[in-house]
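The values are calculated or read from the model by the stated rules, or taken from the named source; none is laboratory data. All values reported here derive from a predicted model rather than from experimental measurement. Cβ sites come from the backbone with ideal geometry, for glycine too, and all protein chains shown count toward neighbours. Side chains included, ligands, DNA and RNA excluded: accessible areas come from the protein's heavy atoms. Shrake-Rupley method; radii C 1.70, N 1.55, O 1.52, S 1.80 Å.
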Amino acid sequence: MSEEKHKQAFQQLIEEGFNKGNLVVLDEICASNFIERQDGITPPTVEGLKGAIISLRTPFPDLILTIEEIIASGDKTWARITGRGTHQRPFMGRPPSEKSFAITVIDICRFENNKIVEHWGVADRFSLIAQLGLLPQPL
């Protein structure tokens, strides 16, 4: 699989899977032995990733991830992404605030036999909860 095709598969994961909630696409572009290495996603499988997408799209139904930069080299693809959404349903035990957020996400995918076999992701979760007003207030 060429580096350009790696980028296309990654873009499909973001645009179809995350932005549209089309989870079937994950079965098409991820290997059966896919390993999710992003902290907090359990189980660390394709099914776990599907669950993570659902858990993001539920409180933030307008969630949109925008790929700002994408680079492919060999079997890996890296991307810098901006995630945006509005807190419209309960999140972290808190009622909807209708507050919007914009955070940075860094993703790395490794490809093998034309499929994504590993994913590492780092989302700026601190910024997310700060923008939503969910940080504990000082006494």
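Numbers below:
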quantity	calculated
Residue match in region 56-76 (condition: touching an Asp or Glu at 6+ places or on another chain (Cβ under 6 Å), over 18 Å from Val105 (Cβ atoms) and aliphatic (A, V, I, L, M))	no
Within region 108-139, considering residues that are β-branched (Val, Ile, Thr) and in contact with a Leu (Cβ under 9 Å, 6 or more places away or on another chain), the one surrounded by the most Cβ atoms within 10 Å (Cβ to Cβ)	Ile116
Failed item, numbered, when Ala72 is tested on (1) surrounded by 15 or more Cβ atoms within 10 Å (Cβ to Cβ); (2) outside any strand (DSSP E or B)	(2)
Test set (1) in contact (Cβ under 8 Å) with a residue 40 or more places away in the chain; (2) at positive phi; (3) open to solvent by less than 40 Å² (accessible area, probe 1.4 Å) - Met92 fails condition number	(3)
Qualifying positions in region 95-128 - touching a residue at least 40 places away in the same chain (Cβ under 8 Å) and part of a loop (DSSP other than H, G, I, E, B)	Asn113, Asn114
Residue in region 78-88 that is touching a Leu at 6+ places or on another chain (Cβ under 7 Å), basic (Lys, Arg), open to solvent by 40 Å² or more (accessible area, probe 1.4 Å) and within 20 Å of Glu16 (Cβ to Cβ) present	no
Residues of region 40-55 that turn out to be within 13 Å of Val24 (Cα to Cα) and either over 12 Å from the mean Cα position of the chain (by Cα) or surrounded by 13 or more Cβ atoms within 10 Å (Cβ to Cβ) (or both), as a count	6
Sole residue being over 16 Å from Asp39 (Cα atoms) and within 13 Å of the chain's Cα centre (by Cα), chosen from Ile129, Ile103	Ile103
